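S.K.: Have a look at this one.
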Amino acid sequence: MADVKALVSRLMTLEDRIIACMRCGNCQAVCPMFGATHMEADVARGKLALVDDLAHELIRDPEAVADKLGRCLLCGSCQANCPSGVKIMDVFMEAREIVYNYLGLSPIKKAIFRVVLAKPKLFNVGMRIGSPVSHVFFKKDNSAQQTVNSPLLRPLIGDRHIRSLPNVPLHAKVGSINEPRKSGGLKIAFYPGCMGDKYYVGMAEACLKVFKYHNVAVYMSSDFACCGIPAISSGDGKAMVMYLRKNLKLLEDVDFDYIVTPCGSCAGTMKEYWPKYAHRIDDTAYYLAKDIAKKTMDVTQFIVDVLGVHAMQPRDSAVDVTYHDSCHLRKGLGVYTQPRELLQANPGYHFVEMKEADRCCGCGGSFTLFHYDLSKQIGQRKRDNIVNSNARIVAAACPACMMQLEDVLASNHDSVTVKHPVEIYAESL
């Protein structure tokens, strides 16, 4: 009975949140899913109508509800363009959690979210073992992105082009760091994220290089857990609370001015969702998470706004670079001038703006795993805009976006390289 009452209460809360939706259709014009499928059910307006009748639909066909809610990139384009100010992302996150509480998570998702991602040391060991083994299954595809693909695993992962796993992850290279402040200067907590620690290690090392150059003291734990965005995007609030407990414990006694991350999705989660889910722990966790949220910054924002790095005049021989706006960074956090400023802080590069720079690349985190054909179709439009800019480099301030761009560019045999803006700037130091 208590579970039923809790479900009814959450459904009523959802109804209160969506009552302001005017069904105006502004979301339709900016939705990348609708652009690919032209189906009303795939646009925010259609999903809000589903959520409005969620109790009935859950009883009638819960699997269909889960499928329809899952056909969303959570890019936030609809919310950013909603004239009524409906918090659509919050509604979708809550609706997914209600649905999966009702249905139960699949064994695979439960293993990933509540075992692998919840136990950083186990995750780290798995990645170290996986790196040498991966060379058995993957082969280089001779693309400019230096990606690999796997004919052997095609039934499982499709014709994906991904970077090889690094031989040594960041935590194994540098371990935990806790530097003293330098002459009373700044100290940051550096949160590389799962992708920065275990996949885009060169990007994370570029961040550390920049901090050292600017005399910024760094705290970084080798035991940081996932920020939680994969779990809550899949409706697993319980796993999010598990990660949050671990991360808050690692940060609670550390003196730092800012917590800085090179992942727009991590930054958005820490600012927006950590305080909300910390409420489920206790008041102490909530106030700590709220304080951390205020100190959270994207790394490009930190370097430009706090360290005062600005654009320089490009050299005559400068290489053209363009920039893709991460959805969580631009639409969620409003960070878009700083990455461009940082790219222009290296005189060896000349910045060119691509068409539709802020349109979703099609990754959407786990969306690309379960809807790869749609993800690739949406990504093709982004690829066309990149190539038409005539830039030799495309930068993105989100590792998930970087992975998606590498896949679509390699699939088209394009000679465009993908980098993080921090990597571009660090080259000049």
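S.K.: Just how large is the dipole of segment 308-426 about the Cα centre, in debye to the nearest 20, putting +1 at every Lys and Arg Cβ and -1 at every Asp and Glu Cβ?
M.R.: 140
S.K.: Just how large is the dipole of the chain about the Cα centre, in debye to the nearest 20, putting +1 at every Lys and Arg Cβ and -1 at every Asp and Glu Cβ?
M.R.: Once rounded to the nearest 20, the dipole reads 760 debye.
S.K.: Related question: Excluding residues on the same chain fewer than 8 positions from K209, give the aspartates and glutamates whose Cα lies under 19 Å from its Cα.
M.R.: Of all the aspartates and glutamates, those that pass the test against K209 - Cα under 19 Å, at least 8 places apart if same chain - are E179, D197, D257, D298, D305, E341, E423, E427.
S.K.: Excluding residues on the same chain fewer than 8 positions from K331, give the lysines whose Cα lies under 22 Å from its Cα.
M.R.: Hits, sequence-local ones excluded: K47, K87, K271, K276, K290, K294, K295, K355, K376, K382, K419.
S.K.: Work out how much length A318 to A144 would gain on full extension: take 0.36 nm times their residue separation and subtract the Cα-Cα distance, in nm to one decimal.
M.R.: Full extension from A318 to A144 adds 60.7 nm.
S.K.: Report the calculated FRET efficiency for E179 and K249 (r = Cβ-Cβ distance, R0 = 22 Å), to the nearest 0.05.
M.R.: 0.60
S.K.: Report, by chain and number, residues whose modeled amide H sits under 5 Å from the one on D320, excluding near sequence neighbours (fewer than 5 apart, same chain).
M.R.: H350, R392
S.K.: Sorted by packing (mean other beta-carbon atoms within 10 Å per residue), highest first, where do 119-125, 322-328, 181-187, 159-165 land?
M.R.: Packing order, densest peptide first, comes out as 322-328, 159-165, 119-125, 181-187.
S.K.: Which of [x] 43, 23, 23; [y] 33, 26, 22; [z] 51, 35, 20 is the computed semi-axes √(5λ) of the Cα gyration tensor in Å for the structure on display?
M.R.: [y]
S.K.: Also, quick follow-up: Under the rule of -39500 (n - 2.57) per DSSP H run of 4 or more residues, summed and divided by the residues of the chain, what mean residue ellipticity at 222 nm is obtained, to the nearest 500 deg cm²/dmol?
M.R.: The per-residue figure over the chain is -14500 deg cm²/dmol.
S.K.: For the chain, which DSSP H helices look membrane-span-like by this rule: Cα extent along the axis of 15 Å or more and mean Kyte-Doolittle of at least 0.5?
M.R.: Qualifying helices, which must be both long enough and hydrophobic enough, are 88-103, 201-213, 399-411.
S.K.: Then there is this: Charges on Cβ only, +1 for Lys and Arg, -1 for Asp and Glu, centred on the Cα centroid of the chain; of H171, M33, H420, which one is farthest towards the dipole's positive end?
M.R.: Selected residue: H171.
Bear in mind these aren't lab numbers, they're just calculated from the coordinates by the rules spelled out. Predicted model, so just to flag it, every value in this text is computed and none were measured. Reconstructed Cβ throughout: ideal geometry from the backbone, glycine too, with neighbour counts over all protein chains shown.
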